[in-house]
Amino acid sequence: MSGGPPLLAVVGPTASGKTGLAIELCRRLGGEIVGCDASQIYRGLDIGTGKATSAELGDVRHHLIDIVEPEARFDAAAYLAAADAAITDVRARGRRPILCGGTGLYLRALVRGLCAAPPVAPPVRAAIEAAIEAGALPALHAELARVDPAAAARIAPADRQRIERALGVYRTSGRPLSAWQAEHAAAPDRLAVRPVAIRWPRDDMWARIERRVDRMLAAGWLDEVRALVAAGHRAALARLKALGYRHLLTVLDGESTVADARTRIVVETRRYARRQRTWFRKTPGLRWFDGPPDVDAVQRWLTAADRSSPAAG
């Protein structure tokens, strides 16, 4: 998609007010939302992932929500293909795509593309997984240090997932993952983006997270989890990284109370928001707006940016 018009992206930490800002911008600019959230893609995970309701959206279309079942494996490559198709569709109808979400990895994939390193061959993956289960993780990290010292220096000796990926790429391709990544880093962006984010003072942000969790619980989040379990999605909920669902499973199992789960969900969400804030601080060209966002100010900034790049849309 290289050379296309800049894409407006409303990103940042959870509970910062991204969706509300994106909806209002869509109404003002003739836009449609293209989701950038790794949990909202799953059907049935509605309350706990903060999906906008039909009442909130009104006549604003929201793409890339409810597109796969909870059991589906959906990675950055799958997101990239789906997002490209959605953006092309929105623009073809003369509308403005507005990206909205807090999954920084998806935004990076859309802008930078994906590293060309090959997927790990199934037999290689199976062998590495078996070695890890046998307690050989330290030896695997030592092997990685021999064949790809640059990758090993960045990966903690206990980081099973990243060791598996880096060593698997080397065993599959005969080439260090760090070499693939260096090539990718030198490649041009595949898509221009104008990212905006909302920031709040820390205490205000923590209070917003608590209120968000309480609203979700009051709206029937536990019943949502109960319905997903009844529909056969229990294993998927235990596997997915969607915030809170695993904690509410323990309530259904009688292992904790709703109050205990609420406390853990709030703590987990705060940690996630901190990680998101750290990630997005590194996003080139990101324009921060203090919360609550002044939509007029955001629109003025965007209008000025559009005028400086006439192709923007």
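Have a look at 57, 64 and point out the one that is under 15 Å from the mean Cα position of the chain (by Cα), farther than 30 Å from residue 174 by Cβ and modelled with pLDDT of 95 or more.
Just one listed residue meets the conditions, 64.
Are there any pairs with C-beta distances below 7 angstrom linking a residue in the range 276-293 that is under 10 Å from residue 12 (Cβ atoms) to a residue that is outside any strand (DSSP E or B) and of a type in the set (Phe, Trp, Tyr), with the two at least 6 apart or on different chains, and if so which?
What qualifies is 286/280; 291/200.
Which of the numbered conditions does residue 278 fail, given that it passes all the others? Conditions: (1) surrounded by 18 or more Cβ atoms within 10 Å (Cβ to Cβ); (2) assigned to a helix (DSSP H, G or I).
(1)
Of all the strands (runs of 3 or more DSSP E) wholly in the range 1-112, which have at least 2 residues that are under 30 Å from residue 229 (Cα atoms)?
Output list reads 31-35.
Give 209, 198 a once-over and let me know the one that is at pLDDT 95 or above, assigned to a strand (DSSP E or B) and β-branched (Val, Ile, Thr).
Just one listed residue meets the conditions, 198.
Which of the residues that make up the range 91-100 are within 21 Å of the chain's Cα centre (by Cα) and among the hydrophobic types (A, V, I, L, M, F, W, C)?
Answer for the range 91-100, where residues must be within 21 Å of the chain's Cα centre (by Cα) and among the hydrophobic types (A, V, I, L, M, F, W, C): 98, 99, 100.
Do we find a residue being surrounded by 18 or more Cβ atoms within 10 Å (Cβ to Cβ) and modelled with pLDDT of 95 or more anywhere in the range 250-257?
yes
With respect to residue 301, is the statement that it is on the phi < 0 side of the Ramachandran plot, modelled with pLDDT of 95 or more, in the same structural domain as residue 204 (by TED's automatic domain parsing) and surrounded by 13 or more Cβ atoms within 10 Å (Cβ to Cβ) true?
In short, no.
Go through the residues of the range 283-305 one by one and say whether even a single one is among the charged types (D, E, K, R), in a helix (DSSP H, G or I) and under 19 Å from the mean Cα position of the chain (by Cα).
no
Go through (1) over 23 Å from the mean Cα position of the chain (by Cα); (2) surrounded by fewer than 17 Cβ atoms within 10 Å (Cβ to Cβ) and name the single condition residue 154 misses.
Every listed condition holds for residue 154 apart from (1).
Quickly run through the range 8-46 and pick out the residues that are over 17 Å from the mean Cα position of the chain (by Cα) and of a type in the set (A, V, I, L, M).
Scanning the range 8-46 gives 21, 23, 25, 29.
With respect to residue 128, is the statement that it is among the hydrophobic types (A, V, I, L, M, F, W, C), without any contact (Cβ under 8 Å) to a residue 40 or more places away in the chain, surrounded by 18 or more Cβ atoms within 10 Å (Cβ to Cβ) and more than 30 Å from residue 196 (Cβ to Cβ) true?
Considered against the rule, which asks whether it is among the hydrophobic types (A, V, I, L, M, F, W, C), without any contact (Cβ under 8 Å) to a residue 40 or more places away in the chain, surrounded by 18 or more Cβ atoms within 10 Å (Cβ to Cβ) and more than 30 Å from residue 196 (Cβ to Cβ), residue 128 comes out as no.
What are the residue pairs meeting all of these: first residue in the range 78-101, first residue without any contact (Cβ under 8 Å) to a residue 40 or more places away in the chain and over 11 Å from residue 64 (Cα atoms), second residue crowded, with 19+ Cβ neighbours inside 10 Å and of a type in the set (Asp, Glu), Cβ atoms under 9 Å, and 6 or more apart or on different chains?
Sorted first by the residue in the range 78-101, then by its partner, the pairs are 89/32; 93/32.
The values are calculated or read from the model by the stated rules, or taken from the named source; none is laboratory data. This one's a predicted model, so the numbers in the text were calculated from it and none came from an experiment. Every residue, glycine as well, gets a Cβ built from its backbone with ideal geometry; the counts of neighbours run over all protein chains shown.
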